[in-house]
Amino acid sequence: MEWIVTKDYKSMSDTAADMIVEEIKKNQHLCIALPTGGTPIGTLENLAAAYNERNLDYSKLRCFNIDEYVSLGKDHEQGYYYFLNNHLYSKTNIDLSKTYVPDVFAKDLEFEAELYEGMIQENGYFNLILLGIGEDGHIGFNEPSIVHEAICHVADLDNSTIDANARFFENKTEVPKQAITLGIGTILKAKKIILIANGKKKSDVIKKLAITNEIDPKFPASFLLTHPDVTIICDKEAVSCKE
Ligand code: GLP
């Protein structure tokens, strides 16, 4: 794993966006999986700014949601497709017919998750995945567990994740309890992985990731150790150890 420590959130977002822009310049057809949450907002907005200021063409990109809450549709303000559309797609010439998200209203959600995996497979898996990380080490919505599903699946969210994500909702009871997420195997099939993290609240999980040297399914981010091309970009606060 390559580690890049930046002075602050802005510089983490600049560094991540610059790396992604370089990949887009090399391959306009890039197949990319994108995260949600507080962390990636700056990176996504930089990508939108780069499109406008550097005269880039995003029309051939293929963009996949890493995850989506069960029961929040594409037009729900706290839905993850809405988030990506709001921060990136709608501000660029990304072709919405090449943006993908599971249908979280499907009658058979497990089957829908398999269809989503199939779509990713048809697209040759990801050239690039931009990941965030949960305070408990989850990536996508692959929560700490003794067993993991390799492919896209329906995930039950841990209480701690529901608590962490409640800040985006009016109250905790509104946070969905399930999501469709890429599996660990889907993530690891990406050619290149960039993980971003910022702020003191991530310092414990980032410290754990830095010292981990073996796979621990109860620490999902540890699976990244098996991947040959992972870059972790985090700001100083996320690497500062709490006493
Ligand atoms: C959610 C998402 C993850 C994301 C994580 C961190 O649980 N499913 O993909 O990485 O939150 O979010 P934040 O960036 O807000 O800390």
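Summary table
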read-out	value
Filtered residues of segment 103-124 (kept if open to solvent by less than 60 Å² (accessible area, probe 1.4 Å) and part of a helix (DSSP H, G or I))	Leu109, Glu112, Ala113, Tyr116, Glu117, Gly118, Met119, Ile120
Residue match in segment 83-96 (condition: within 16 Å of the ligand (Cβ to nearest atom), modelled with pLDDT of 95 or more and in contact with a Ser or Thr (Cβ under 8 Å, 6 or more places away or on another chain))	yes
Search result, residues across segment 55-82 that are of a type outside the set (D, E, K, R), under 15 Å from Ala179 (Cα atoms) and either within 12 Å of the ligand (Cβ to nearest atom) or assigned to a loop (DSSP other than H, G, I, E, B) (or both)	Asn65, Ile66, Tyr69, Val70, Ser71, Leu72, Gly73, His76, Gln78, Gly79, Tyr80
Tally of residues being of a type outside the set (Gly, Ala, Ser) and either more than 16 Å from the ligand (Cβ to nearest atom) or open to solvent by less than 10 Å² (accessible area, probe 1.4 Å) (or both) across segment 36-54	8
Tally, over segment 211-229, of residues that are among the aliphatic types (A, V, I, L, M) and within 19 Å of Thr181 (Cβ to Cβ)	3
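The values are calculated or read from the model by the stated rules, or taken from the named source; none is laboratory data. Computed from a predicted model, the values in this text were never measured in an experiment. Note that each Cβ is placed from the backbone with ideal geometry, even for glycine, and that neighbours are counted across all protein chains shown. These area figures cover heavy atoms from the full protein model, side chains too; ligands, DNA and RNA do not enter into them. Shrake-Rupley method; radii C 1.70, N 1.55, O 1.52, S 1.80 Å.
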